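Take a look at the structure below.
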Amino acid sequence: MSKLKLAIQKNGRLSEKSLKLLEECGIKISNGTRKLKAVSSNFPLEILFLRDDDIPQYVEQGVADIGIIGLNEVLEQKKNIDLVQKLGFAQCRLSLAIPKEETYNGIQFFENKKVATSYPEILSNYFQENNINAQIEKIGGSVEIAPGIGLSDGIFDIISTGSTLLTNGLKEVETVLESEAVLISSQNLSDENQEILNKLLFRINAVKEASESKYILLNAPNENLEKIINLLPGMKSPTVLPLAESGWSSIHSVIKEDKFWEVIENLKNEGAQGILVLEIEKMIL
Ligand code: ATP
Ligand code: MG
């Protein structure tokens, strides 16, 4: 039987989370995780461990069928591949930064300036869209030291917390791209492999939905039941069970993580008590 070949980063910021995603999808990897290749014992998947920069190329050439990689690399490399799905981890942003003592009054700052980056393609597109003529210096790493050593007037780089910028006397002035890990696919998948990919995507979506949701249980006074139910959209509508104590009901529902605190506040204001919030492992809609 055919196996789908998935390329993931061998060592780096994407590795652990990529493996964790597979594990959450119930995919067991038998022969270790630090070799060049591994196979799953319970899913038609073969895993290739590679440098992240090489993954788009391998997927384009069909050496791997699919891959997990930062959106930043996908946009930088412009290979002929399909972007299948955002995965919701390894979030970071690509931003422009300049020495903190400089006054910044808009993107015009960069006119005729030099900017050092490892992402020249994304940056030149951005400057073009904004009609800025700037000189882009491509360097491989340690971009943040470029202004300090006189190589450039500013930098364009990955930022997650901003502490590297701070240590190097820089300030972030424009966010150009919000990035996260994505699943990419070859444009020439066989029908058989497409079917395996669909099965994998079904599982990934169930894991993703679950991680973005919480299961909530609470006790509500019956006179406010209607109002409380309206605060809880749930998957269909919430489950309402009578409590032994008359005048009270127990409500069960699912809420989105990003709405979580707001919903809890409102529930309390309507008299909800004994609110329990639980993790959801998988969620099939
Ligand atoms: P490799 O040795 O595989 O080439 P690398 O050093 O190029 O690794 P990593 O630093 O492991 O790559 O980053 C991989 C991806 O993780 C980045 O392309 C980016 O999408 C994402 N990422 C998330 N947060 C950060 C961060 N704070 N710094 C760098 N990359 C980040
Ligand atoms: Mg790399």
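The values are calculated or read from the model by the stated rules, or taken from the named source; none is laboratory data. Bear in mind the structure is a predicted one, so any value in this text is a computation, not a measurement. Please note: Cβ atoms are built from the backbone with ideal geometry, for glycine as well, and neighbour counts cover all protein chains shown.
Does ILE158 meet the test of being of a type in the set (Val, Ile, Thr), part of a loop (DSSP other than H, G, I, E, B) and at pLDDT 95 or above?
When the stated conditions are applied, ILE158 does not pass them.
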Of the residues in the range 59-78 that are more than 14 Å from ligand 2 (Cβ to nearest atom) and more than 22 Å from ASP157 (Cβ to Cβ), the one that is nearest to the chain's Cα centre (by Cα) is ILE66
Checklist line | Flag if SER213 is crowded, with 17+ Cβ neighbours inside 10 Å, under 30 Å from GLU23 (Cα atoms) and either without any contact (Cβ under 8 Å) to a residue 60 or more places away in the chain or in contact with a helix residue (DSSP H, G or I) (Cβ under 7 Å, 6 or more places away or on another chain) (or both) | finding: yes
Log entry, pairs with first residue in the range 34-58 being assigned to a helix (DSSP H, G or I), second being of a type in the set (D, E, K, R) and within 16 Å of ligand 1 (Cβ to nearest atom), beta carbons closer than 7 Å, six or more apart or on different chains, reads ASP52/GLU73; ASP53/GLU73; PRO56/GLU73; PRO56/LYS79; GLN57/LYS79
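Could you grab me the full set of residues in the range 182-215 that are part of a strand (DSSP E or B) and either charged (D, E, K, R) or touching a Ser or Thr at 6+ places or on another chain (Cβ under 7 Å) (or both)? Working first, answer last.
Looking only at the range 182-215, we keep the residues that are part of a strand (DSSP E or B), and these are 182-185, 213-215.
Across the range 182-215, the qualifying residue is only LYS214.
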Selection from the range 7-33 of residues modelled with pLDDT of 90 or more, in a loop (DSSP other than H, G, I, E, B) and either surrounded by fewer than 16 Cβ atoms within 10 Å (Cβ to Cβ) or not aliphatic (A, V, I, L, M) (or both) yields LYS10, ASN11, GLY12, ARG13, CYS25, GLY26, LYS28
